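Q: Got a structure for you, written out below as structure tokens; questions coming shortly.
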Amino acid sequence: MVVQMESWPDEINVIIQAFKIGESGIVGIPFETFAEIGPEIKGKSPFGKTFTVSFANGSFGYLPSPRQHQLRGYETGLSTNR
């Protein structure tokens, strides 16, 4: 995995989708998001019910929150997220 990291770009473009079905909002994210990210998205949503879908349109590893980066856990390492 470490050898693969040498070829990873400094930045990547990803597709993040948000759409409405009825009175609900759905957000598709191509990462495995951390628990605190879902409530943050829901709190900023204008809809009564909002759902997040991980690994939508790709799989780029974990998406740790800034707080998790400070704690330096397994999921924040360069080999487990991009």
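Bear in mind these aren't lab numbers, they're just calculated from the coordinates by the rules spelled out. Everything numeric here is computed off the predicted structure, so don't read it as measured data. Please note: Cβ atoms are built from the backbone with ideal geometry, for glycine as well, and neighbour counts cover all protein chains shown.
Q: Among residues other than Lys42 whose Cβ falls under 15 Å from its Cβ, what is the net charge (Lys/Arg +1, Asp/Glu -1)?
A: Residues near Lys42 contribute 0 overall.
Q: May I ask you to evaluate 6.51 cos²θ - 1.76 cosθ + 1.60, the Karplus curve with θ = phi - 60°, for each residue of segment 16-29 and list the ³J(HN,Hα) values in order in whole Hz, giving x for glycine and proline?
A: 10, 10, 9, 8, 10, 10, x, 9, 10, x, 10, 10, x, 10
Q: Next up: Mind checking which aspartates and glutamates have their Cα closer than 16 Å to the Cα of Lys44? Skip sequence neighbours fewer than 8 apart in that chain.
A: Straight-line reach from Lys44, under 16 Å: Glu23, Glu36.
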